[in-house]
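Asker: Next up is a structure, given as structure tokens.
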Amino acid sequence: MSRTIVIDPVTRIEGHAKITIYLNDEGNVRDARFHVTQYRGFEKFCEGRPYTEMPALTARTCGICPISHLMAASKACDAILAVRIPDTAVKLRKIVNLAQIIQSHALSFFHLSSPDLLLGMDAPIEQRNILGLAASHPEMAREGIWLRKFGQQIIEKIAGKRIHPAWTVPGGVSAPLAPETREWILSQLPEGIRIIQRVLEWYKSAYGQFADEIEYFANFPSLFMGLVNEDDSLEHYDGALRVVDDRRRIIADRIPSADYQDYISEYVEPDSYLKSPFYKMMGYPEGIYRVGPLARLNCAERTGAPLSAVELFAFRKLSKGAVLSSFHYHYARLIEILFGFERIEQLLNESDILSEHVRAHAGPNREEGVGISEAPRGMLLHHYKVDRNGLITWANLIIATGHNNLAMNRGIAQAAKHYVKGDKIKEGALNRVEAVIRCYDPCLSCSTHAFGEMPMRVQLIGPEGTLLDEKIRTI
Amino acid sequence: MKKSEPSEIAPRGTLIIGYGNALRGDDGAGPCIVEWVEQQQWPDVTTLSAHQLFPEMAEQMAQHERVIFVDADAATVDAVGLQPIVEASDRLMAHRCSPGSLVRMARELYGARPAAFLYTIPARCFDVCTTFSPLTRNCVRDACNALTQLLAKS
């Protein structure tokens, strides 16, 4: 008799999801599925709106990473304008995008995942949260708050608002950088770098305690996809797409944004509102690829900044090829925070950073535009078509969490097979299955385009469809 | 900007945190009251307006002697409610907090114990609009009067 376990809702993620674990006749895990149970349909209600509204409109997809949508949408609109936006505008967009990545990574690592790492995967559930962290490791909690706040302050000071600023516009940005803002950010960067270097040292000394989780948390060969610069360095805004395999061999490179459909296709599973993009040349579901911090570090040859370069060198020692364990998304996130600070400093020291020429003006010159940028969770793609009046006739958004859908599903199946035994869900096993998902830091409200409370549910279902056990968490 | 260590500056003044979604009818009562407070330019009063509460607010709370939360509440019957906030012992969602969890974080992380209160404004309509229902509109006015009296005493 096969049976099923369902985890619903999945907790400490951005969105509402359910995990179903299927048992075989012997009571062992046969498979596991990650279902996204919320639906929004942003692409559809963008239709008929002027393309100029798309950055502000699509940013409303999410309150966690609206800046990422602003970036991809603005780039797609730049393509419709067919203009090259001023260099200073590019640099300012890059700074704000990196600040977004810093604040989001800080939330993911310190607020969502560090309770597992510092208090233990088997710690009592009442303690395994940021309040528990504040009680047991107050310095770490304060530093996490500091990093997130700093990232948000950079956004607020440059773009006017922490959430949903209207500063990024088709053709550039609406306001230049104020000299006092530049000075203020520069004055705070050393503290940010000090904090993240200390946390990186802690992580490197601590991850050895998680050998089992490293082995079984979505640790499998796959492709990785991310933006890289022409000099192969780490990039989050410009550059072109690269795909590498599990040995870090480049299998596709310099892919222009507009050509993404030659490489990526989307499959729809009947049990989830989250689509399953796959690498077209390998088909579905073999074309599984991962995006996000781990993928970006696997794709890039170098960071392009000195302190993070040292950390990337150490990261490379984890594997002869690509780093395959999704547990190390955490590690990659920390390195990217450090890189973000370094890169922001480089950009703020560019000679034209205070230029007031920050916007190119034009009307729609093309009927189609694609914009790709790196969001905290991975590659974010906006693709619009407009009519002769500039009204949106079709839109497609492929969100980082969607790119990772196949990998998350394979990851929870791997973890469930290792940790779930019998027809009852033990708390430690439940948390580990959830923690696999948290490695990817999925943003389900973005990826399905969610409304309301977003909690998690795990169901254990037997071979004949009998519900054997169920765990529901409301937060 | 504060460094990542407990404040050595003595807390002072009042922080008023109004939260809710101004595009969701009555849910915007908190931000609306904060906007009104800002117009009063009262000395030693700082304001924060947000869609929801988040952990970073604990740091700013720690810098004040008193914190007043203002929130729309469908469960509040027909008049403005006022209640003291006690530390929460519940679990905390990382990007959305309760006033009680923030009070606890202010103490555990920054060693601060601001007096904390919550004004609840009765709310009935959460539709996509920027207007208040008659009850909420009246209670927003009552809350502004109550805040004026409270702050005049201090």
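Asker: Please find, within the range B:82-117, the residue that is modelled with the highest pLDDT out of those that are assigned to a strand (DSSP E or B) and over 13 Å from the mean Cα position of the chain (by Cα). I'd like the intermediate steps shown before the answer.
Answerer: Applying the first criterion (assigned to a strand (DSSP E or B)) to the range B:82-117 yields B:82-84, B:93, B:96, B:115-117.
Then drop every residue that is not over 13 Å from the mean Cα position of the chain (by Cα), which leaves B:93, B:96.
Values: B:MET93: 54, B:ARG96: 64.
Selected residue: B:ARG96.
Asker: Would you be able to say whether some residue in the range A:206-218 is part of a strand (DSSP E or B) and either at pLDDT below 95 or crowded, with 20+ Cβ neighbours inside 10 Å (or both)? Give the derivation first.
Answerer: Let us first name the residues in the range A:206-218 that are part of a strand (DSSP E or B), namely none.
Within the range A:206-218 (the criterion being part of a strand (DSSP E or B) and either at pLDDT below 95 or crowded, with 20+ Cβ neighbours inside 10 Å (or both)), the answer is no, since none of the residues qualifies.
Asker: Tally time: how many residues in the range A:50-62 are crowded, with 17+ Cβ neighbours inside 10 Å and assigned to a loop (DSSP other than H, G, I, E, B)?
Answerer: Within the range A:50-62, residues that are crowded, with 17+ Cβ neighbours inside 10 Å and assigned to a loop (DSSP other than H, G, I, E, B) number 2.
Asker: Within the range A:371-475, which helices (runs of 4 or more DSSP H) (wholly inside it) include 1 or more residues that are among the small types (Gly, Ala, Ser) and at pLDDT 85 or above?
Answerer: Qualifying helices (runs of 4 or more DSSP H): A:400-403, A:405-419, A:427-439.
Asker: Oh, and also: Right, B:SER98: within 14 Å of chain A (Cβ to nearest Cβ) and out of contact with any Pro (no Cβ under 8 Å at 6 or more places or on another chain) or not? Talk me through it step by step, then tell me what you get.
Answerer: On the way: within 14 Å of chain A (Cβ to nearest Cβ): yes; out of contact with any Pro (no Cβ under 8 Å at 6 or more places or on another chain): yes.
Considered against the rule, which asks whether it is within 14 Å of chain A (Cβ to nearest Cβ) and out of contact with any Pro (no Cβ under 8 Å at 6 or more places or on another chain), B:SER98 comes out as yes.
Asker: Follow-up question, since we're still on this one. Any residue in the range A:299-311 that is part of a strand (DSSP E or B) and under 30 Å from A:VAL199 (Cβ atoms)? Please lay out each step first, then the result.
Answerer: Looking only at the range A:299-311, we keep the residues that are part of a strand (DSSP E or B), and these are A:302.
Checking the rest, the ones that are also under 30 Å from A:VAL199 (Cβ atoms) come to A:302.
Yes: one or more hits.
Asker: A further question on this structure: Need a quick list: helices (runs of 4 or more DSSP H) entirely within the range A:98-204 having at least 3 residues that are more than 10 Å from chain B (Cβ to nearest Cβ) and modelled with pLDDT of 95 or more.
Answerer: Working: elements: A:114-119, A:130-136, A:138-159.
Filter on the range A:98-204 gives A:138-159.
Asker: On to the next question. Among (1) over 13 Å from the mean Cα position of the chain (by Cα); (2) buried (at least 22 other Cβ atoms within 10 Å of the Cβ); (3) more than 13 Å from chain A (Cβ to nearest Cβ), where does B:THR120 come up short?
Answerer: All conditions pass for B:THR120, except number (1).
Asker: For the range B:56-91, which positions are away from every other protein chain (no Cβ under 14 Å) and acidic (Asp, Glu)?
Answerer: B:GLU65, B:ASP71, B:ASP73, B:ASP78
Asker: Can you say whether A:LYS44 is closer than 22 Å to A:HIS403 by Cα, among the basic types (Lys, Arg) and at pLDDT 95 or above, as far as the supplied structure shows?
Answerer: no
Condition check ((1) closer than 30 Å to B:CYS129 by Cα; (2) in a loop (DSSP other than H, G, I, E, B); (3) hydrophobic (A, V, I, L, M, F, W, C)) across all residues:
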| site | (1), (2), (3) |
| --- | --- |
| B:GLU38 | yes, no, no |
| B:THR46 | yes, no, no |
| B:GLN52 | yes, yes, no |
| B:PRO55 | yes, yes, no |
| B:HIS64 | no, yes, no |
| B:VAL67 | yes, no, yes |
| B:THR76 | yes, yes, no |
| B:ALA79 | yes, yes, yes |
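Asker: Here's another thing I want to ask about it. Taking A:GLY411 as meeting all but one of (1) crowded, with 21+ Cβ neighbours inside 10 Å; (2) under 24 Å from A:THR168 (Cα atoms), write down the number of the exception.
Answerer: (2)
Asker: In the range A:153-194, how many are touching a Ser or Thr at 6+ places or on another chain (Cβ under 9 Å) and β-branched (Val, Ile, Thr)?
Answerer: Count: 5.
Asker: Taking strands (runs of 3 or more DSSP E) that do not extend beyond the range A:235-288, which have at least 3 residues that are buried (at least 21 other Cβ atoms within 10 Å of the Cβ)? Write out each step before concluding.
Answerer: Values: elements: A:240-244, A:250-255, A:264-267, A:276-279.
Of the strands (runs of 3 or more DSSP E) lying wholly inside the range A:235-288, those with at least 3 residues that are buried (at least 21 other Cβ atoms within 10 Å of the Cβ) span A:240-244, A:276-279.
Asker: Right, here's the next one. (1) buried (at least 18 other Cβ atoms within 10 Å of the Cβ); (2) within 23 Å of B:PRO43 (Cβ to Cβ): which one isn't true of B:ALA146, the others all being true?
Answerer: Result: B:ALA146 passes all but (1).
The values are calculated or read from the model by the stated rules, or taken from the named source; none is laboratory data. Note that the structure is a prediction, hence the values are computed from the model and not measured. Neighbour counts run over all protein chains shown; Cβ positions are idealised from the backbone, glycine included.
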